[in-house]
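Enquirer: Following this message is one structure expressed as structure tokens.
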Amino acid sequence: MRSPVLRSLRAAWRRLSSSKPVARVLPALPQQPKIGLALGGGFARGVAHIGILKVLQRERIPLHCITGVSAGSIVAAAYASGTDVEEIVRVACAMRFNDVARWTLCRLGLLQSERMAAFLRRLLQKYTFEEMKIPLGVLATDLGSGEPVLFRDSGDVILPIRASCSYPGLFQPIRHQGRLLVDGAMCMEVPAQLARLMGATHVISSCLPMHGPAVVPGNMLQVVNRCFQILQSRSEDGWRRHSDLIMAPDVTAVAWDGFKSAGEMIEAGEHAAETVLPQIRNWLAPAYIAAASHPLPAELAG
């Protein structure tokens, strides 16, 4: 006669043998942040954005997307197209007003931007959104409705940049699909929200602060530019709300057309980026450390 203990052990073994295997639950790895860089306008002073890109490239900070308005759209497109940052620096230091504009008589503006199109064809490595090495977004403003016009994903890059740089009263508006388009900064000084729409989880915004009191306007165009700066400084909440980190290169002493100060402005951009690097590294560190400390099991790693 079998003992009760033996019968119980055999019954337990049969139950274990017939039960389904329990799937192993692996810890979820944290997602690496998708960093978007949003570059604001500032005409010649937009050269400061190049210094920011120099630091981000040197530190190998991965960019999920890059967006720009006005001068920021030129720098953003050059970098996104694959132009080497040192080449962008070289072009910026040699750049002059006549490279991108030509004076003319017109009821809608004092300058034409056909020269800007030729300039962009020399600077950029690619000319359509779908060819960009880094996803690019450009923002312009519909002069009729005042609404933002977003350019991304596909199509020509050069016309949207010309539109985004069409400073009202100075450059003639760009006609596109039955609309007149002007400077994107008229509706959004820094395109942080566009970077969010393009999937960025962390947005770095670069804005160029208005001139300091020491910069006294010397002509009508400088007066108009100063007035726009004042208006934009009163409506910053929109883009700041969508920004996780804000850089403001100190170019307050540089005139709106101060192309000759390119070296100084690039250094200001580098300094602004160096200041916030620790915070950017903090975004990235948790993802990298957690991934390294939770290797996949051998049966899944193949």
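The values are calculated or read from the model by the stated rules, or taken from the named source; none is laboratory data. This is a predicted model, so every value here is computed, not measured. Positions of Cβ are backbone-derived with ideal geometry, glycine not excepted, and every protein chain shown enters the neighbour counts.
Enquirer: Among the residues in segment 106-117, are any in a loop (DSSP other than H, G, I, E, B), free of Cβ contacts under 8 Å to residues at least 60 places away in the same chain and either farther than 25 Å from Cys187 by Cα or among the small types (Gly, Ala, Ser) (or both)?
Expert: Looking for residues that are in a loop (DSSP other than H, G, I, E, B), free of Cβ contacts under 8 Å to residues at least 60 places away in the same chain and either farther than 25 Å from Cys187 by Cα or among the small types (Gly, Ala, Ser) (or both), one finds none in segment 106-117, hence no.
Enquirer: Still on this model: Name the residue that is farthest from the chain's Cα centre (by Cα), counting only residues in segment 146-180 that are modelled with pLDDT of 95 or more and hydroxyl-bearing (Ser, Thr, Tyr).
Expert: Ser154
Enquirer: For Thr67, indicate whether it is under 26 Å from Pro278 (Cβ atoms) and not in a helix (DSSP H, G or I).
Expert: In short, yes.
Enquirer: To continue, here is another question. Count, please, the residues in segment 27-60 that happen to be assigned to a loop (DSSP other than H, G, I, E, B), farther than 25 Å from Arg96 by Cα and either modelled with pLDDT of 65 or more or among the small types (Gly, Ala, Ser) (or both).
Expert: Number of matching residues: 7.
Enquirer: Any chance segment 3-26 includes a residue that's at pLDDT below 95 and within 26 Å of Arg162 (Cα to Cα)?
Expert: Scanning segment 3-26 turns up no residue that is at pLDDT below 95 and within 26 Å of Arg162 (Cα to Cα).
Enquirer: Among the listed residues Ser164, Ser145, Ser154, identify the single one that is of a type in the set (S, T, N, Q) and crowded, with 18+ Cβ neighbours inside 10 Å.
Expert: Ser164
Enquirer: Continuing with the same structure: Taking strands (runs of 3 or more DSSP E) that do not extend beyond segment 160-214, which have at least 2 residues that are closer than 20 Å to Leu39 by Cα?
Expert: Here the list reads 179-183, 202-206.
Enquirer: Looking at (1) modelled with pLDDT of 90 or more; (2) surrounded by 19 or more Cβ atoms within 10 Å (Cβ to Cβ), which is the only condition Cys187 fails?
Expert: Just one mismatch for Cys187, condition (1).
Enquirer: Could I ask something else about it? Mind listing just one residue for me: the one in segment 233-266 that is touching a helix residue (DSSP H, G or I) at 6+ places or on another chain (Cβ under 6 Å) and acidic (Asp, Glu) and, of those, modelled with the lowest pLDDT?
Expert: Checking each candidate, the answer is Asp257.
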